[in-house]
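Below you'll find the structure, written out as structure tokens, and then a few comments.
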Amino acid sequence: MEKVKKLLKARELTSLVFLIALFVIVGAMNPMFLDPSNVSACFNSSVVYTLVAVGMAFVLFIGEIDVSVGANLGLTAAVVGTMLRDGQSLVLAIIVAIVIGIVIGLINGWGVCVMGAPSLIFTLGVNGILRGLIYLYTNGAWVENLPKSFKDFASVNLIGSVSVYYCCIIALVIVIHLVLTRTRQGRYFVAVGDNAQGATLVGLPTFKTKMLAYVICAVMASIGGVIFCSRIGFVTPMSGNGYEMKAIAACVLGGISLAGGVGSVIGSAIGAVIMSSISYLLVFMGFSSNYDNAITGIILLVIVVIDAVIQHRSLVKNKHDRLLARVYQDAPASSVQAEKGGEA
């Protein structure tokens, strides 16, 4: 019974219910959407968003933010795309992508954790630098003519009409969730985000945890860049633009608090499916996909406001409970007993 109550309070459950309700509503408006191939397309199209959102979750867990993931994805996609186009091996391209992610993650971690710069401002600056590097690297041209086998792999299905990529992502999310919830090191991320100073006082590796969060976030975005190349088949200088907002919205929609210390990667994965499906669902609802960004912004604003209200109420309640505890502790036993008798 206790497990059932805990499950019902889980933030990601709300996101899952919202996703199911969204699919049911669209299906009622247009029954064609309920075809298994259309439903699975929503999940298949969320592969890159899910990777970026799960990586973003680590940074949000520690109470920080990273808005450079979109440019990171675009730069990695451009580098990997040119390597594959020029005949380099896929293994080497993936290694290079991971190295790019590690370097960017270390730079972001250094700026925020060592230099003490605000995470939003520093990563925004890194985003601009990376976007400029993309134009310099590609000379403003598209990266095309990628190997056909690499592009065709994105359409390979493993379970029904669900792609190999999405099945791998689901397995990855489950593994990450287990590591974060079942291991001591995994729980450090939430502990640091909940109270960084307190975590330091009790001996937790706060600095190392924050640096690792930024590295994981950047590496996930870089891997997303590799899959982006495979799914899209070409790379433009603007590739990855706006992915940071989608990733943040997916995490917040999935129940991760912007204040840190609350949420799970499963919630971010569910939120990623919702965010990536918006433009697809709009088509079945008879609207233009041009509303995609506007709806994304509205959802982000609404969820952020709701999260802020919940955080404020929780803070007020905690202060009230601590005040009552202090009053009962300081008051004479007879007066406390009399007060309790009066309440009865």
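The values are calculated or read from the model by the stated rules, or taken from the named source; none is laboratory data. Note that the structure is a prediction, hence the values are computed from the model and not measured. So basically every Cβ, Gly included, is an ideal-geometry build from the backbone, and we count neighbours across all protein chains shown. Note: accessible area is taken over every heavy atom of the protein model, side chains too, but ligands, DNA and RNA are not part of it. Shrake-Rupley method; radii C 1.70, N 1.55, O 1.52, S 1.80 Å.
Here are some notes:
- Once the range 21-49 is narrowed to residues that are touching a residue at least 12 places away in the same chain (Cβ under 8 Å) and not in a helix (DSSP H, G or I), the residue that is nearest to Met220 (Cα to Cα) is Ser46.
- The set of residues from the range 129-141 being open to solvent by 60 Å² or more (accessible area, probe 1.4 Å) and either under 25 Å from the mean Cα position of the chain (by Cα) or of a type in the set (Val, Ile, Thr) (or both) comprises Ile129, Leu133.
- Candidate set: the range 178-210, residues that are under 16 Å from Ala57 (Cβ atoms) and among the hydrophobic types (A, V, I, L, M, F, W, C); chosen: the one surrounded by the fewest Cβ atoms within 10 Å (Cβ to Cβ): Leu178
- The range 80-102 - residue that is in a helix (DSSP H, G or I) and without any contact (Cβ under 8 Å) to a residue 60 or more places away in the chain and, of those, surrounded by the fewest Cβ atoms within 10 Å (Cβ to Cβ): Val91
- Qualifying positions in the range 117-128 - without any contact (Cβ under 8 Å) to a residue 24 or more places away in the chain and open to solvent by 60 Å² or more (accessible area, probe 1.4 Å): Pro118, Ile121
- Checking Ser37 against (1) open to solvent by 30 Å² or more (accessible area, probe 1.4 Å); (2) in contact with a helix residue (DSSP H, G or I) (Cβ under 8 Å, 6 or more places away or on another chain), the condition it does not meet: (2)
- Restricting attention to the range 191-244, the residues that are of a type in the set (Phe, Trp, Tyr) and farther than 18 Å from Ile169 by Cβ total 3.
- For the range 239-282, a residue qualifies if it is in contact with a Ser or Thr (Cβ under 6 Å, 6 or more places away or on another chain) and either acidic (Asp, Glu) or without any contact (Cβ under 8 Å) to a residue 24 or more places away in the chain (or both), and the qualifying residues are Ser279, Leu282.
- Screening the range 222-251 for residues that are within 10 Å of the chain's Cα centre (by Cα) and open to solvent by less than 10 Å² (accessible area, probe 1.4 Å) and picking the one that is farthest from Ala141 (Cα to Cα) gives Cys251.
- From the list Glu144, Glu64, the one residue that fits, being crowded, with 23+ Cβ neighbours inside 10 Å and of a type in the set (Asp, Glu), is Glu64.
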